[in-house]
Amino acid sequence: MAARGRGWYRGDCHVHSVYSDGKLTPERLAAGARAAGLDFIATTEHNTADAHAAWRAHARDDLLVILGEEVTTETGHWLALGIQPGQLVDWRYRVWDDMVGRHLDQVHHVGGLCVAAHPHAPYPSGTFMYSYRGFDAVEVWNGLWASDLPWNADNEAALAEWGRGLAADVTDGRWRPALGNSDTHLEAQIGIPHTVVLAEELSTDAVLGGIRAGRCWVAESAAVDLSFEVAAGERTAGIGERLATRGEPATVRAKVGGVPSGAISLHTDRGAVHRTSLPGSGRGSTEWRTGPQESRFVRIEVRHPDGRMAALSNPIVLS
């Protein structure tokens, strides 16, 4: 298991234990992660690194534990992922103090990743008031109330905001990947949703590298599968990659499993451009043709019949 190389790994980058305001011990969270089909998990307690040492006993070849913190400021929360054992990132500032940048730099200095958490959470301090500038990714799907509402209006708003910014960000050459995490505090929540990452191996550096590059998609649960690529001539590109079409038409192909009677929709800088219904078996595919003059990027959403999200991807960029 330790030698697992390049592949798609499922993980939850936002969980809480009894070391902050969660109800479960790291031991029970680790067991829950394995039961949910996860390959990695990130410990992200509020404003403390006390859990780092406790998680050491629960990391195995089949479960990578990424050290982190949920930096809970009064004007927004963010995830510091891949920090050093015992490292504590300061949270005692607000947006107008103009201090967040120095703390992002501290995380980046040790090779870590900074993620804007639940941007539209409807409670004091939960709404993200900082600029996304300097952050590496955005948590567009947060499952804090997953046992009741695995997809809600707060997530819809976060996804729409991120999606609107993609066209400008892709043009500038630096777009921020979307993530989905459970923000679990209870056992029934873990892995709902989670992020599926293409990494060179199951290690902190490789997983964070895959996320940083946008080679990832978000799944409601391990029951949902997704493959997504764009081809032009003999060249292909997958999620998070760039495809040079060289003037040839581009063919978008996607396959989905685990979403009975759902629907696949393709989105570009022009909005939703293509939709395909899935059969009752939940397994189906779609194909659509485009090109760089028509679409600067393509991303995918998969929804249940009632509109709830089942999966979403980061874009494939066309040039």
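The values are calculated or read from the model by the stated rules, or taken from the named source; none is laboratory data. All of these numbers come straight from a predicted model, not from anything done at the bench. Neighbour counts are summed over all protein chains in view; Cβ atoms, including those assigned to glycine, are modelled from backbone coordinates with ideal geometry.
Pairs under 6 Å by beta carbon, first residue hydroxyl-bearing (Ser, Thr, Tyr) in segment 218-235, partner part of a strand (DSSP E or B), six or more apart or different chains?
227/255
Yes/no matrix, rows are residues, columns are (1) at pLDDT 95 or above; (2) on the phi < 0 side of the Ramachandran plot; (3) not aromatic (Phe, Trp, Tyr):
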position: 95; (1), (2), (3): yes, yes, yes
position: 124; (1), (2), (3): no, yes, yes
position: 141; (1), (2), (3): yes, yes, no
position: 149; (1), (2), (3): no, yes, yes
position: 160; (1), (2), (3): yes, yes, yes
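If I filter segment 154-201 down to residues being free of Cβ contacts under 8 Å to residues at least 24 places away in the same chain and small (Gly, Ala, Ser), which single residue comes out as farthest from residue 241 (Cα to Cα)?
160
Which condition from (1) over 24 Å from residue 114 (Cβ atoms); (2) assigned to a loop (DSSP other than H, G, I, E, B); (3) not aromatic (Phe, Trp, Tyr) is the one that residue 21 breaks?
Condition (1) is where residue 21 drops out.
Only one residue in 299, 242, 289 is of a type in the set (Lys, Arg), touching a helix residue (DSSP H, G or I) at 6+ places or on another chain (Cβ under 8 Å) and not assigned by TED's automatic domain parsing to the domain that holds residue 181. Which one? Give the derivation first.
Details: 242 fails: touching a helix residue (DSSP H, G or I) at 6+ places or on another chain (Cβ under 8 Å); 289 fails: touching a helix residue (DSSP H, G or I) at 6+ places or on another chain (Cβ under 8 Å).
Just one listed residue meets the conditions, 299.
With the requirement that a residue be more than 19 Å from the chain's Cα centre (by Cα) and of a type in the set (Ser, Thr, Tyr), what does segment 27-50 give you?
48, the sole residue that qualifies.
So which of 253, 246, 176, 242 is closer than 22 Å to residue 138 by Cα and surrounded by fewer than 16 Cβ atoms within 10 Å (Cβ to Cβ)?
242
Would you mind finding the one in 257, 247, 280, 238 that is on the phi > 0 side of the Ramachandran plot and either within 23 Å of the chain's Cα centre (by Cα) or free of Cβ contacts under 8 Å to residues at least 60 places away in the same chain (or both)?
Only one candidate qualifies: 247.
Within segment 76-93, track down each residue that is touching a His at 6+ places or on another chain (Cβ under 9 Å), of a type in the set (A, V, I, L, M, F, W, C) and assigned to a loop (DSSP other than H, G, I, E, B).
Listed by number, the residues that qualify are 83, 89, 91.
Just a yes or no: is a residue in segment 229-236 outside the structural domain of residue 100 (by TED's automatic domain parsing), among the aliphatic types (A, V, I, L, M), at pLDDT 95 or above and surrounded by 24 or more Cβ atoms within 10 Å (Cβ to Cβ)?
Scanning segment 229-236 turns up at least one residue that is outside the structural domain of residue 100 (by TED's automatic domain parsing), among the aliphatic types (A, V, I, L, M), at pLDDT 95 or above and surrounded by 24 or more Cβ atoms within 10 Å (Cβ to Cβ).
Just wondering, is there one or more residues in segment 197-205 that are of a type in the set (Gly, Ala, Ser), modelled with pLDDT of 95 or more and surrounded by fewer than 17 Cβ atoms within 10 Å (Cβ to Cβ)? Full working, then the answer.
We begin by selecting, within segment 197-205, every residue of a type in the set (Gly, Ala, Ser); these are 199, 203.
Retained after the next criterion (residues that are modelled with pLDDT of 95 or more): 199, 203.
If we keep only those that are surrounded by fewer than 17 Cβ atoms within 10 Å (Cβ to Cβ) too, we end up with 203.
Checked segment 197-205: at least one residue is of a type in the set (Gly, Ala, Ser), modelled with pLDDT of 95 or more and surrounded by fewer than 17 Cβ atoms within 10 Å (Cβ to Cβ).
Within segment 56-74, can you find the residues that are surrounded by fewer than 22 Cβ atoms within 10 Å (Cβ to Cβ), touching a strand residue (DSSP E or B) at 6+ places or on another chain (Cβ under 9 Å) and closer than 30 Å to residue 94 by Cβ?
Once the filter is applied, which keeps residues that are surrounded by fewer than 22 Cβ atoms within 10 Å (Cβ to Cβ), touching a strand residue (DSSP E or B) at 6+ places or on another chain (Cβ under 9 Å) and closer than 30 Å to residue 94 by Cβ, segment 56-74 yields only 72.
Go through segment 208-319 and tell me which strands (runs of 3 or more DSSP E), entirely inside it, have 1 or more residues that are small (Gly, Ala, Ser).
Passing ranges, in order: 216-219, 225-232, 235-238, 250-257, 263-268, 271-277, 284-290, 309-313.
Could you please find all residues in segment 47-66 being in contact (Cβ under 8 Å) with a residue 40 or more places away in the chain and closer than 29 Å to residue 122 by Cβ?
Across segment 47-66, the qualifying residues are 47, 48, 66.
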